[in-house]
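Let me begin by presenting the structure, written as structure tokens, before commenting on it.
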Amino acid sequence: DLHFRHRFNKTGRYFLRLRVMAYAGGRGSFFRLRVGDFPIVSGVFPQGNKHGEFKPFYPISKQSLLPVLATPVGAEIWLNFKLPNGVGSAYRRLAVGEAPNAYDAEPNDMPSQANAINLPSAINGRFEKPKDCDWYAVELDKGDKLRFTGATRTLGSPFDLMLRVTDAAGKTLAESKITGDSDGEVSAEAKSDGVHYLEVRELAEQAGKHLVYRI
């Protein structure tokens with residue numbers, strides 16, 4: 001969602017204009033506007049953690065914020081981040097699961113540099129350079145079936161994932177479809193024994209520390 005900070009230099013009356021993109025709208029168009037003294041957090045890394053595991057979570061912000069230590073105990077976890085002398089807090093929702101975390105380790109821009117992952121895993125990564133792509137490798141037996149489910153917008157990251165599964169020779173086995181209600185999902189079946197690859201891209205080839213994902 002959109003957010004901004006502004007410092008007013010003069011006392012007076014000010015106006016804030018709100019509208020829907022392309023002026024679309026209707027009875028089902030709602031919004032909640034928050035105004036106050038709280039930090040702007042554009043992302044958190046990692047985007048989640050294994051159930052019951054104590055871990056630091058690092059806020060992505062232009063302001064100086066400390067990481068938050070937390071232990072997920074439910075289906076999801078909410079963290080709050082606060083400025084040292086601030087009044088309000090910024091809130092972020094993170095995912096919780098039973099799979100251990102795996103991490104994007106650069107360089108992994110091609111299959112020969114792919115990060116090896118174990119199954120099951122929850123992959124946490126980010127796109128810090130334009131046209132970045134991340135490759136992950138997994139060993140499969142013929143007939144194994146896998147599903148990769150992305151999490152970006154559902155956790156507050158403003159972008160769309162493209163996921164593609166290939167065999168060792170680079171043949172595409174499955175590719176995610178662009179839909180409005182999905183953060184990216186792909187299922188594939190191994191046609192042979194051996195290494196298989198998952199390619200992860202940002203749909204518009206954007207870059208930024210706040211473009212974090214979890215799969």
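Since every read-out is calculated from the coordinates, none of them should be taken as a lab result. Everything numeric here is computed off the predicted structure, so don't read it as measured data. Please note: Cβ atoms are built from the backbone with ideal geometry, for glycine as well, and neighbour counts cover all protein chains shown.
Worth pointing out:
- Spatially near lysine pairs across segment 85-215, Cα under 21 Å, sequence gap of 8 or more or different chains: 9
- Cβ crowding within 10 Å averaged over residues, with 78-85, 18-25 ranked highest first: 78-85, 18-25
- Both radii come from the Cα set of segment 99-209: Rg as radius of gyration, Rh as Kirkwood radius; their ratio Rg/Rh reads 0.94.
- Taken along the Cα-to-beta-carbon direction at a fixed 7 Å, the label points for Glu175 and Phe54 span 4.6 nm.
- R0 of 35 Å, Cβ-Cβ distance Leu16-Lys129: FRET efficiency to nearest 0.05: 0.50
- Stretchable slack from Leu203 to Lys62, in nm (0.36 nm times residue separation minus alpha-carbon distance): 48.3 nm
- Amide H to amide H, with H built 1.01 Å from N, Val44 comes under 5 Å of Ile60, counting only residues 5 or more places away or on other chains.
- The simple spin-label model puts a point 7 Å past each Cα toward its Cβ; for Arg27 and Val87 those points are separated by 3.8 nm.
- Extended-chain gain in nm, criterion 0.36 nm per residue less alpha-carbon gap, Phe4 and Asp37: 10.7 nm
- Kirkwood Rh, angstrom, the chain [1 / mean 1/r, Cα pairs]: 19.3 Å
- √(5λ) per eigenvalue of the Cα gyration tensor, segment 34-97, largest first, Å: 22, 11, 10
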